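So the structure is just underneath, and the comments pick up after that.
The values are calculated or read from the model by the stated rules, or taken from the named source; none is laboratory data. Computed from a predicted model, the values in this text were never measured in an experiment. FYI the Cβ positions are ideal-geometry reconstructions off the backbone, even for glycines, and counts take in every protein chain you see. Surface accessibility is based on the protein's heavy atoms, side chains included, excluding ligands, DNA and RNA. Shrake-Rupley method; radii C 1.70, N 1.55, O 1.52, S 1.80 Å.
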Protein chains: 2
Amino acid sequence: MKLATLRTPSRDGQLLVVTRDLKRAVAVPQIAGTMQAALDDWGRVEPRLREVADRLERGEYQGAFEFDPARMAAPLPRAYHWVDGSAYVNHVELVRKARGAEMPASFWTDPLVYQGGSDDLLGPCDDVPIPDESFGIDLEGEVAVITDDVPMGTTRSQARDHIKLLMLVNDWSLRNLIPGELAKGFGFYQPKPATAFSPVAVTPDVLGDAWRDCTAALPLIVHINGVLFGRPEAGVDMTFDFGRLIEHITKTRNARAGTILGSGTISNYDRTRGSACIAERRMLEQLEYGEARTSFLRFGDRVRIEMLDAQGRSLFGAIDQRVVKHAPGR
Amino acid sequence: MKLATLRTPSRDGQLLVVTRDLKRAVAVPQIAGTMQAALDDWGRVEPRLREVADRLERGEYQGAFEFDPARMAAPLPRAYHWVDGSAYVNHVELVRKARGAEMPASFWTDPLVYQGGSDDLLGPCDDVPIPDESFGIDLEGEVAVITDDVPMGTTRSQARDHIKLLMLVNDWSLRNLIPGELAKGFGFYQPKPATAFSPVAVTPDVLGDAWRDCTAALPLIVHINGVLFGRPEAGVDMTFDFGRLIEHITKTRNARAGTILGSGTISNYDRTRGSACIAERRMLEQLEYGEARTSFLRFGDRVRIEMLDAQGRSLFGAIDQRVVKHAPGR
């Protein structure tokens, strides 16, 4: 089942059920008005949404209309919890190596997460407003899951059943603001502007065999200004699967329905796959040539992130955005 | 005006208007069903709530009932954004001094913030479930503001008008989990279990002259197991006022309606005021005696946090909680 959120004058938009081919959609106010409302009561709501999805797929549903990603907000336009892992430890190791620092061995067994801004999430085709190009504008291509209520103390094996939906993420980052802020010791805040999400969120069964061991075992395809930048395999080199990440985030707290949990930038040891962020390519260039050669993004640049199934069909639709200068007062 | 949220079977509870003496309350479903709904449309909703508050104060309102803090959820039982400052730099300086580290001079001019879990907030009298006493259970007494929509690029002077409500906070912390996690470089996550808030949130005018320069110029009174622990002045030694903190958090993003922004642990140079967290007292003991003498909290311990006006009347009601062992499966 594929779900989306139509942008409306309401802050939370309107929940849509979307066909597998991403061509048709229908609103379901009689079941749930918004994505958060559906997640708040998922056990009761999910079977009813699936019934609509089945009828929509068979062309039996009245009131269906053309699905237009440009009219979509993020599946959750605002969320109560957005926590992002750094599950591809290869990436973390590279970051350290590029600045000549040793990575602690515990990083292979103890996940790293940070909490992102969740009150203002970007739709798949929204412009990305940034105040200043000099901040070092970068993408981070990721997969994320959405959970139902996950109680404190949930184990990795229990965690799997709490994963209700999957999405793609562009975790926009401002690289030149990171060193100064991390040096303060409290983690990220200013270097993380609003995050963007794919046009639809899908139930794990949509991935078929590619939903494997709590990972999405497919390549994430990243284009910058129409040129292929990377297609790292999300199912390869993910040191901590989503089950382990959920165990980590519920050690001392509950995670409530609608929690968005990201994988962190997808990153493979196989360098021929390319990268899902510019910073990683720059680090590889640093290590290879002694200097970074690829620039961070400029105003007007476009970034497209997508994931295809084995038959080449888009699973989530594309995140396809343009970076723009933030105009104060808007 | 004082507002609260009655716990109901709904996740967001029910918005109440409360009398200034915290004795009577009334639900206002005809105006706004929940605190978030009120904040989403504050410009339209606030005058209508004030009209109810005025009539309630005069005893003219039908349907009022006794206000019972024990039946209250946090004013926002779940929020889209909870960001906590560390505005009392005296406290930060002490932390560093106790571990023999120099504090960078920039800490006096560049605010430190971290983002807390906002999907699962505790009511004023809720038990505080912690998995293990050895985590180093500590309180952090703070003041917080709630904002309306604050656009990216808001300046300190513009920020004042975005502050709609004030609350007290106990930002529960697990001290023994902090060093290991901060060493990982991404800030806090596991050391910050669910945060607790006062029975009511109040509009700044309730503080009268004590709402001064975007600070709450009154002592925060902290008791542990009935014994006075500290009464630091929230208006003294606050290096960054709430206006400056709002400027900081909107440098690269919008803060949406219902953003909760905390002051960080209140801390004065005048040591006779005591502390608003155990960690600070332990650091002072460390510096004075060469060892910390006060223990962190144990299961069964109670913490009470309150703020009184010049006439000794409770402004926000008391946060009054007991620490309990988390029972898995609950």
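Each residue of the range A:95-102 in turn: what ³J(HN,Hα) in whole Hz from Karplus with 6.51, -1.76, 1.60 and θ = phi - 60°, glycine and Pro shown as x?
Karplus-based 3J(HN,Hα) across the range A:95-102 equals 3, 5, 4, 4, 9, x, 9, 7 Hz.
Roughly how big is chain A's charge dipole about its Cα centre, with Cβ charges of +1 (Lys, Arg) and -1 (Asp, Glu), in debye to the nearest 20? Don't jump to the answer; show the numbers that get you there.
Working: 40 positive and 45 negative charges, 77 e Å.
Value, rounded to 20: 360 debye.
In degrees between 0 and 90, to the nearest 10, how far off the longest principal axis of chain B does helix B:278-289 point, with axes built from Cα atoms?
Tilt of helix B:278-289: around 30 degrees.
Could you pull out every residue, at least 5 positions away or on a different chain, whose amide H is within less than 5 Å of the one on residue A:324? Hs are placed 1.01 Å off N in the peptide plane, and Pro or chain starts have none.
So residue A:324 has HN proximity to A:128, A:130, A:300.
Probe radius 1.4 Å, ligands and nucleic acids left out: which of A:172, A:211 has the largest accessible area, and how do the rest follow?
In descending accessible area the options line up as A:211, A:172.
Measure nothing fancy, just the Cα-based angle from helix A:42-57's long axis to the longest principal axis of chain A, in degrees from 0 to 90, nearest 10.
The angle comes out at about 80 degrees.
Pop out the carbon and sulfur fraction of the accessible area of the protein assembly as shown as a percent, whole number, probe 1.4 Å.
Here it works out to 47 percent.
Which value in nm describes the separation of the simple spin-label points at residue A:327 and residue A:176, placed 7 Å from the Cα toward the beta carbon?
Simple spin-label model gives 2.4 nm for this pair.
Would you mind checking the radius of gyration and Dmax of the protein assembly as shown based on alpha-carbon positions, in Å?
That works out to 24.5, 78 Å for Rg and Dmax.
After finding the eigenvalues of the alpha carbon gyration tensor for the range B:197-328, what semi-axes result from the square roots of 5 times each, listed largest first in whole Å?
In descending order the semi-axes read 26, 19, 18 Å.
Let's test this: bin the Cα-Cα distances of chain B at 10 Å from zero up to the farthest pair and state each bin's percent.
Result, from short to long distances: 6, 27, 36, 23, 7, 1, 0 percent.
Working from the pairwise distances between different alpha carbons, so that the mean of 1/r is found and then inverted, what is the range A:98-156's Kirkwood radius in Å? Provide the component values of the computation, followed by the final result.
Working: mean 1/r = 0.0610 Å⁻¹.
In the range A:98-156 this quantity evaluates to 16.4 Å.
In A, who owns the beta-carbon nearest the axis carrying A over to B, and how many Å from it?
Of all Cβ atoms in chain A, the one nearest the axis gives A:187, 1.
So what does residue A:19 come to for accessible area, using a 1.4 Å probe and Å² rounded to 10?
Probe radius 1.4 Å; accessible area of residue A:19 about 10 Å².
Roughly how big is the B-A contact, given as buried accessible area in Å² (both sides, 1.4 Å probe, nearest 100)? Write down the numbers at each step before the final one.
Working: alone 14770 and 14780 Å², together 24340 Å².
Looking at B and A, the buried total is near 5200 Å².
From the backbone phi of the range A:247-255, what are the Karplus-calculated ³J(HN,Hα) couplings (6.51 cos²θ - 1.76 cosθ + 1.60, θ = phi - 60°) in whole Hz, Gly and Pro given as x?
Once θ is set to phi - 60°, the couplings for the range A:247-255 become 4, 5, 6, 10, 4, 10, 8, 7, 10 Hz.
Could you do me a favour and compute the accessible area per residue for chain B, 1.4 Å probe, result in Å²?
For chain B, the solvent-accessible area averages 37 Å² per residue.
Express in nm, to one decimal, how much length is gained between residue B:44 and residue B:309 on full extension, taking 0.36 nm for each residue of separation and deducting their alpha carbon distance. Walk me through the intermediate numbers first.
Values: separation 265, 0.36 × 265 = 95.40 nm, distance 2.91 nm.
Result: 92.5 nm gained on full extension.
For the cross-link pairs A:184/B:192; A:192/B:325; B:164/B:184; A:164/A:325; A:192/B:192; B:97/B:184, which exceed 29 Å when the distance is taken from alpha carbon to alpha carbon?
Working: A:184/B:192 18 Å; A:192/B:325 35 Å; B:164/B:184 36 Å; A:164/A:325 36 Å; A:192/B:192 20 Å; B:97/B:184 21 Å.
Those over the limit are A:192/B:325; B:164/B:184; A:164/A:325.
When only C-alpha pairs under 8 Å and at least 6 residues apart count, what is the relative contact order of the range B:79-238, in percent?
Values: 236 pairs, mean separation 34.0, N = 160.
So the answer I get is 21 percent.
Evaluate the relative contact order of chain A (contact order divided by residue number), counting alpha-carbon pairs under 8 angstrom at least 6 apart; express in whole percent.
Working: 810 pairs, mean separation 74.5, N = 330.
Relative contact order, chain A: 23 percent.
Please compute the average number of Cβ atoms from other chains found within 10 Å of each residue's Cβ in peptide B:192-201.
1
Got a number for the accessible area of residue B:44? Probe 1.4 Å, square angstrom, nearest 10.
The accessible area comes out at roughly 120 Å².
For a quick check of understanding: with a 1.4 angstrom probe and all protein chains in place, what accessible area in square angstrom does residue B:86 have, to the nearest ten?
20
Treating only the Cβ atoms of Lys and Arg (+1) and Asp and Glu (-1) as charged, compute the dipole magnitude of the range B:48-152 about its Cα centre; round to the nearest 20 debye.
The calculated dipole for the range B:48-152 is roughly 260 debye.
Enter the Cα centre distance for the pair the range A:64-109 and the range A:258-280, rounded to the nearest angstrom.
Cα centres, the range A:64-109 to the range A:258-280: 7 Å.
For chain A, what does -39500 (n - 2.57) per DSSP helix run (n ≥ 4), summed and divided by total residues, give at 222 nm, in deg cm²/dmol to the nearest 500?
Numbers: 7 runs with 62 residues, N = 330.
Mean residue ellipticity at 222 nm (helix-derived): -5500 deg cm²/dmol.
At 1.4 Å probe size, put B:294, B:147 in order of accessible surface, largest to smallest.
These residues rank, largest area first, as B:294, B:147.
Amide H neighbours of residue A:251 under 5 Å, at least 5 residues apart or on other chains, H built in the peptide plane: list them.
Under 5 Å from the amide H of residue A:251: A:153.
Assigning unit charges at the beta carbon (Lys, Arg +1; Asp, Glu -1) and nothing else, what dipole magnitude in debye, to the nearest 20, does the protein assembly as shown show about its Cα centre?
Using Cβ point charges on Lys, Arg, Asp and Glu, the protein assembly as shown gives about 240 debye.
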